[in-house]
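**Student:** First, the structure itself, so that you have it in front of you.
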Amino acid sequence: MATSVRPAADGISPPAPPPSSTPPDRGSRRSRLYRWDLKATPYLFVSPFFLCFAAFGLFPLIYTGWLSLHRVELGSEAEWRGFGNYTGLWDSDFFWNALANTFTIGVISTVPQLLMALGLAHLLNYKLRGRGFFRVAVLAPYATSIAAATLVFAQLFNSDYGLINTLLGWVGFDPVDWESSKWPAQIAISVIVIWRWTGYNALIYLAAMQAVPQELYEAAALDGASRWRQFISVTIPSIRPTILFTIVVSTIGATQLFGEPMLFGGSLGVSGGSGNQFQTLSLLMYEKGWITGALGQASAIAWVMLLLLLLIGAARLLVARLKRETA
């Protein structure tokens, strides 16, 4: 039986339905753009970091390595030397003196600094009145500029009219030549480093201590452990990774020490005093590069410092692996 189509009431036929889908080529093009967007957009977002790293990190590193293999002086062309700059450092008494000074200043400044930071963080971890103020106050030295802090301490340690020698004279000690003597000068520079970085490390330790579960302290208290025993047996083992982190970071900072000895020595700061008694590797690198103009030797010193930092990082990984194996 045939069916009939009823016309519209007003005699006008209904409009044709819209097409059910887009053309095949437009749909495939949108699909390809969508896939490219999913793949390329994350790389586009992180590309500024890699571009900045390549321009200001990777390229200077590679170029410094190239300079370390050449004899380069300001205003002259580079001359190939191979490992001559490195062998020259091996035979240089100034290099070994700077390396020894870097090590001794690093030990004198890092060990007391971290011990004081650990004790200060332990005190701030208690419910003290006004502890918020104290937590901000311990960070004030870190916020102070290196130049301002060093100049103030240079006046305090002045051999003629400094406050430190005045206090020593009151208790019956002779004045100390804090600038020209080796160990007093290194102690004075270490005091500046300790003053600036103790509060910073204390806040890092404090954050780690606050993450220790309170149940551990309650269990230790039920066993009759004193506050000191809780600190030794509960706090220290719980924040051991943080302690290892601060040791590595502080060692790296001590290896790159530059501003404090530079400003403390005044006009002789670049050479580390009249007898190079507190010249660090960073100061020696600066002196070779910008005072004497031997950019090749300065680049070799920079790569030696990088090697030392890599050895420190490798030692840290080795210690962490040994602890995981013995755990």
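**Student:** Would you give the gap between the C-alpha center of the stretch 34-102 and the C-alpha center of the stretch 224-240, rounded to a whole Å?
**Tutor:** Centre-to-centre (Cα) distance: 45 Å.
**Student:** Turning to a different aspect of this structure: Sequence-distant or interchain residues sharing an amide H contact under 5 Å with Arg71, placed H: which?
**Tutor:** Amide H neighbours of Arg71: Glu79, Trp80, Arg81.
**Student:** Here's something else I'd like to know. Calculate, for Phe53 and Val171, the FRET efficiency according to 1/(1 + (r/R0)^6) with r their C-beta to C-beta distance and R0 51 Å; round to the nearest 0.05.
**Tutor:** It comes out at approximately 0.40.
**Student:** Taking a ≥ b ≥ c as the square roots of the eigenvalues of the Cα gyration tensor of the chain, is the shape rounded (a/c under 1.5), prolate (a/b larger than b/c) or oblate? Can you show the working numbers first?
**Tutor:** Details: a/c = 2.89, a/b = 1.65, b/c = 1.76.
Cα axes put the chain in the oblate bin.
**Student:** Next up: Counting only the heavy atoms of the protein chains, how much of Tyr205 is accessible to a 1.4 Å probe, in Å² to the nearest 10?
**Tutor:** Here the residue's solvent-accessible area equals roughly 0 Å².
**Student:** Additional query: Please compute the contact order of the chain in relative form: average sequence separation of alpha-carbon pairs under 8 Å and at least six residues apart, divided by the residue count, as a percent. Write out the running numbers ahead of the final one.
**Tutor:** On the way: 322 pairs, mean separation 79.4, N = 327.
Computed value for the chain: 24 percent relative contact order.
**Student:** Could you tell me the relative contact order of the stretch 223-327? Use alpha-carbon pairs under 8 Å, at least six residues apart, and round to a whole percent.
**Tutor:** Relative contact order for the stretch 223-327 comes out at 19 percent.
**Student:** Run the accessible area of the chain with a 1.4 Å probe and give the carbon-and-sulfur part as a rounded percent. Can you show the working numbers first?
**Tutor:** Values: 14260 of 21060 Å².
Carbon and sulfur: 68 percent of the exposed surface of the chain.
**Student:** Cβ under 15 Å from Tyr205's Cβ, Tyr205 left aside: what net charge do those residues give with Lys, Arg +1 and Asp, Glu -1?
**Tutor:** +3
**Student:** Accessible area per residue of the chain at 1.4 Å probe, in Å²?
**Tutor:** Numbers: 21060 Å² over 327 residues.
Spelled out: the 1.4 Å probe surface of the chain, per residue, equals 64 Å².
**Student:** How big is the charge dipole of the stretch 183-327 about its Cα centre, in debye rounded to the nearest 20, if each Lys and Arg gets +1 on its Cβ and each Asp and Glu gets -1 on its Cβ?
**Tutor:** Result for the stretch 183-327 is approximately 200 debye, rounded to the nearest 20.
**Student:** Among the lysines, which have Cα under 28 Å from the Cα of Lys182 when same-chain residues fewer than 8 positions away are ignored?
**Tutor:** Lys288
**Student:** Right, next: At 0.36 nm per residue, and after removing the present C-alpha to C-alpha distance, how many nm does the segment from Ile312 to Val212 gain when stretched out fully?
**Tutor:** Gain on extension, Ile312 to Val212, equals 33.2 nm.
**Student:** On to the next question. Can you give the longest run of the chain that contains no trypsin sites (Lys or Arg not before Pro) sitting in a DSSP loop with at most 10 other Cβ atoms inside 10 Å? Walk me through the intermediate numbers first.
**Tutor:** Values: sites that count: Lys127, Arg129.
Segment 130-327 is the longest.
**Student:** Of Glu73, Glu325, which has the most accessible area with a 1.4 Å probe, and how do the rest follow in descending order?
**Tutor:** Glu325, Glu73
The values are calculated or read from the model by the stated rules, or taken from the named source; none is laboratory data. Treat the numbers as computed from the prediction; the structure is a model and nothing was measured. So basically every Cβ, Gly included, is an ideal-geometry build from the backbone, and we count neighbours across all protein chains shown. When the accessible area is computed, the model is the full protein with side chains, heavy atoms only, and any ligands, DNA or RNA have been set aside. Shrake-Rupley method; radii C 1.70, N 1.55, O 1.52, S 1.80 Å.
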